[in-house]
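One structure is given here, and the rest of the page talks about it.
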Amino acid sequence: MGLDLYAGTLTRYYARDWMTATQRWAEENGYGYDRIGPDGPMEQEQKPDPAQVLPAIEGWRDSLLAALKNGGTDCPAWPESIDAPYYTDKPDWDAWHALLLAAACSTCGEQLPSTVERGWHQKFGDIPVVQRASRENKGSLLAGAELWLPFPEPFWFQCPNPLGNQITISTTAGLRKELEGLNTALWQAPEEEVLSWPCTQGYPATGQVMPDGSIRHIEAPPQLDPVSLAKYAYAILWEAVTFSEEHQVPILLDY
């Protein structure tokens, strides 16, 4: 399974009324596309009823806010709906873990490696600098956060998500602070440059769309540039944070 980043209401996400970046590209260019989830293909008839999803998500949200308030943290309720706009893009696993590796190296004062092998993320947890940084770092990225809520203060915690699975949850305020710190430590890039990275950084091309609509395969190199991958994932996450703050919606990882 690939990794996508989604920023929008949880109602729309769990009702599956959204398209990944790959799915949207396929539809716009006349290609078929099937999303494969943990339980197999996610067919149209599998979509939950939004009329049932909305009250369930609102109930989960209100219970979470009540629990946080009881613990001394009073957070505002974010709006939920089925038709609010959303943002999505696809960092995929290698670029996402390159961003986490950049955070780990920044924490421990080490340099990123010059190259990584394609699929290297599968051994991410065995990397010594990652293990050290995970013990030292207080941020949500290395804590393994999968959901960021639009709260104005930085903190993270663990609790069940709307499906009952225990996950790490943080805040968009905390995520912005982490990203700003990472940029300051590693790149000092102005926002204009950051926003260009989805087009200038990331994965080497593995296909070319020909004039007749067919796709010519290009052999993928076995080695990838982790700095370029980290910048690519960083820019996608930065855009998601900006969207989240503008629309007051959560950000989550989809895989």
Tell me which residues, restricted to the stretch 24-66, are modelled with pLDDT under 60, under 27 Å from GLN166 (Cβ atoms) and surrounded by 11 or more Cβ atoms within 10 Å (Cβ to Cβ). ARG35, GLY37, MET42
Suppose we filter GLU193, GLU153, GLU178 for residues that are within 16 Å of the chain's Cα centre (by Cα) and of a type outside the set (A, V, I, L, M, F, W, C); which single one remains? GLU178
Sort out which residues of the stretch 101-130 are buried (at least 17 other Cβ atoms within 10 Å of the Cβ) and among the hydroxyl-bearing types (Ser, Thr, Tyr), and write them in order of number. SER106, THR107
For the stretch 68-102 the number of residues that are free of Cβ contacts under 8 Å to residues at least 24 places away in the same chain, at negative phi and in a loop (DSSP other than H, G, I, E, B) is 3
May I ask you to verify whether ALA77 is open to solvent by 30 Å² or more (accessible area, probe 1.4 Å), aliphatic (A, V, I, L, M) and in contact with a helix residue (DSSP H, G or I) (Cβ under 8 Å, 6 or more places away or on another chain)? yes
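The values are calculated or read from the model by the stated rules, or taken from the named source; none is laboratory data. Remember, predicted model here, so these are calculated numbers, not experimental data. Neighbour counts run over all protein chains shown; Cβ positions are idealised from the backbone, glycine included. For accessibility, only protein heavy atoms count, side chains too; no ligands or nucleic acids. Shrake-Rupley method; radii C 1.70, N 1.55, O 1.52, S 1.80 Å.
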